[in-house]
Amino acid sequence: MGWVYASREGVRSGTARWTLKKPGGAWKVGGGWKRASRVGSHVETSWGKDGRTGPKYPRRTRICVEFRGLTTKACVTLK
């Protein structure tokens, strides 16, 4: 995995971080809190760079992005 991207609609500012959980493991912070940039009606931020440059995670690893102050996380499971 080389790149994590997050965006949030309807806000003017925010900070976000991403976390991951390998199968059978505990949650770990993948990237620290990072300020999101405003782009039109939403804010966005990213970690890493596009392409196959980052670490390899096993199947069924769960990756989530959370925005500070929001209780709901956006998650995806690697296939």
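One table, with the values for the structure above:
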{"item": "Sequence-distant residues sharing a close amide H with G14 (under 5 Å, placed H)", "result": "A36"}
{"item": "Label point distance in nm, T19-S41, each placed 7 Å from Cα along Cα→Cβ", "result": "3.0"}
{"item": "Label corresponding to Kirkwood radius over Cα pairs in Å when calculated from the structure given, among (1) 13.1; (2) 14.4; (3) 17.3", "result": "(1)"}
{"item": "Amide hydrogen neighbours beyond the local backbone of T61, cut-off 5 Å, H modeled", "result": "L78"}
{"item": "Dipole magnitude of the chain, debye to nearest 20 (Cβ charges: Lys/Arg +1, Asp/Glu -1, about Cα centre)", "result": "320"}
{"item": "Extension reserve of the M1-C75 stretch, reckoned as 0.36 nm per residue once the Cα distance is removed", "result": "25.2 nm"}
{"item": "Positive dipole terminus of the chain, leading residue within V43, T61, A74 (C-beta point charges)", "result": "T61"}
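A short reminder: the numbers here are calculations on the coordinates, not readings from a lab. If you're wondering where the values come from, they're calculated on a predicted model, not measured in any experiment. Ideal geometry is used to build each Cβ from the backbone, glycine not excepted, and the neighbour counts take in all protein chains shown.
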